[in-house]
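Report on the following structure.
The values are calculated or read from the model by the stated rules, or taken from the named source; none is laboratory data. Fair warning: this is a prediction, and the values are worked out from it, not measured in the lab. Positions of Cβ are generated from backbone atoms using ideal geometry, with glycine treated the same way; all protein chains shown enter the neighbour counts.
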Amino acid sequence: MKVFWKTIGFMCAVCATIHVCISVAYLFYPTQYGRARANFDIMRNHYEIRYYGLTFMDDAYYSFFRDYGIKYVRVAGCVVNFPIIDSTRSYNETMKDAIRRDLGLDVDSILKAYRLDLPDQGE
């Protein structure tokens, strides 16, 4: 029984360490975090475009993406900070390249055709 609790304690310590490392990476290296997260999602064949900001549009406007298996996900409301902006921008850049390469879709031209656009993401 004692070994069981030592093992559980060790696993909790490892999980806490990993959580702290991910949090530090997100706060101090948001661009790299966004790219790494996008590459992880691409590896799992999980495609999504992220955005932030308050929008008045319904998700039905983005049903075009659902037809191709792409999710359109809001990561923050109207209160954003620089890590959110930078990680979202780098995530979307990496993901748009993968969608263009793997699915043959140009996300920017689709959004412009539907007169939609991602919020200004620091470009």
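Values as computed for the structure displayed
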quantity: The range 68-123 - residue that is small (Gly, Ala, Ser) and assigned to a helix (DSSP H, G or I) and, of those, modelled with the lowest pLDDT; calculated: Ala113
quantity: Selection from the range 1-51 of residues that are closer than 26 Å to Ser63 by Cβ, not in a helix (DSSP H, G or I) and not basic (Lys, Arg); calculated: Asn45, His46, Tyr47, Glu48, Ile49, Tyr51
quantity: Counted residues, the range 24-42 - those being loosely packed, with under 11 Cβ neighbours inside 10 Å and farther than 25 Å from Leu111 by Cβ; calculated: 1
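Listed here are the residues, each with its yes/no results for (1) modelled with pLDDT under 75; (2) among the β-branched types (Val, Ile, Thr).
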{"residue": "Thr17", "(1), (2)": "no, yes"}
{"residue": "Gly34", "(1), (2)": "no, no"}
{"residue": "Met43", "(1), (2)": "no, no"}
{"residue": "Glu48", "(1), (2)": "no, no"}
{"residue": "Ser63", "(1), (2)": "yes, no"}
